[in-house]
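S.K.: So that we are looking at the same thing, I have put the structure below in structure tokens.
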Amino acid sequence: QVQLVESGGGLVQPGGSLRLSCATSRSIFSIYTMGWYRQVPGKQRELVSAISSRGSTSYAASVKGRFTISRNNAKNTVYLQMNNLKPEDTAVYYCNAVGGGMTYWGQGTQVTVSS
């Protein structure tokens, strides 16, 4: 069974930084598009950023210029570097893997931006 294991969430002050990590098995990492979504209570889960197996990236307009997605193929891990965090970035962040007609989700990690 494929697992996505997230880490790196926490509490940070506005303007601060966090880096989220998502590790998975090599069998999917090399061919799947990896992404980060976030969700706040009462709202739909939204795509924050994604990176293809070839390294092409995309970002939501609200995070462009502040967040950077990257992948380490040797470690089967995808990262989301989040800088200049704002209170509106507060959410549960989920790692996502899509490919071959399959979709997998991590368990989610809480990010709270507050003074």
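S.K.: If ligands, DNA and RNA are left out, what is the accessible area of residue 77 with a 1.4 Å probe, given in Å² to the nearest 10?
M.R.: My reading of the accessible area for residue 77 is about 10 Å².
S.K.: Whenever you get a sec, compute what percent of the accessible area on the chain sits on carbon and sulfur atoms (1.4 Å probe).
M.R.: So the carbon and sulfur contribution to the accessible surface is 47 percent.
S.K.: In whole Hz, what ³J(HN,Hα) sequence does the stretch 90-104 give by Karplus (6.51, -1.76, 1.60; θ = phi - 60°), x for Gly and Pro?
M.R.: Per-residue couplings from phi come out as 4, 4, 8, 9, 10, 7, 9, 10, 10, x, x, x, 10, 9, 10 Hz.
S.K.: Residue-wise, which Karplus ³J(HN,Hα) couplings in Hz belong to the stretch 15-27, taking 6.51 cos²θ - 1.76 cosθ + 1.60, θ = phi - 60°, and x for glycine or proline?
M.R.: x, x, 10, 9, 10, 8, 10, 9, 9, 8, 7, 4, 4
S.K.: Once fully extended, how much extra length lies between residue 13 and residue 84, figured as 0.36 nm per residue of separation less the alpha-carbon to alpha-carbon distance?
M.R.: 24.6 nm
S.K.: Could you tell me the distance between the Cα centroids of the stretch 63-115 and the stretch 1-15, to the nearest Å?
M.R.: 7
S.K.: ³J(HN,Hα) across the stretch 46-53 via Karplus (A = 6.51, B = -1.76, C = 1.60, θ = phi - 60°), whole Hz, x for Gly/Pro?
M.R.: Karplus values, whole Hz, x for Gly and Pro: 10, 6, 9, 6, 9, 9, 7, 5.
S.K.: Of 73, 96, 83, which is the most mobile in a GNM of the chain whose springs link Cα atoms less than 10 angstrom apart?
M.R.: 73
S.K.: Give me the net charge for the shell around residue 49: Cβ to Cβ below 15 angstrom, other residues only, Lys and Arg +1, Asp and Glu -1.
M.R.: It works out to a net charge of +3.
S.K.: With the crude spin-label approximation of a point 7 Å out along Cα→Cβ, what separation in nm comes out for residue 26 versus residue 1?
M.R.: My value for the distance between the label points is 2.3 nm.
S.K.: Along Cα→Cβ, 7 Å out, is where each label goes; now give me the distance between the ones at residue 56 and residue 107 in nm to one decimal.
M.R.: Distance between label points: 3.4 nm.
S.K.: Quick check: pseudo-label points 7 Å beyond the Cα along Cα→Cβ at residue 98 and residue 66, how many nm apart are they?
M.R.: With each label point 7 Å from Cα toward Cβ, the separation is 2.3 nm.
The values are calculated or read from the model by the stated rules, or taken from the named source; none is laboratory data. Quick caveat: nothing in here was measured; it's all calculated off a predicted structure. Methodologically, a virtual Cβ is constructed for each residue, glycine included, from the backbone with ideal geometry; neighbour enumeration extends over all protein chains shown. The area values use the complete protein model at the heavy-atom level, side chains included, leaving out ligands, DNA and RNA. Shrake-Rupley method; radii C 1.70, N 1.55, O 1.52, S 1.80 Å.
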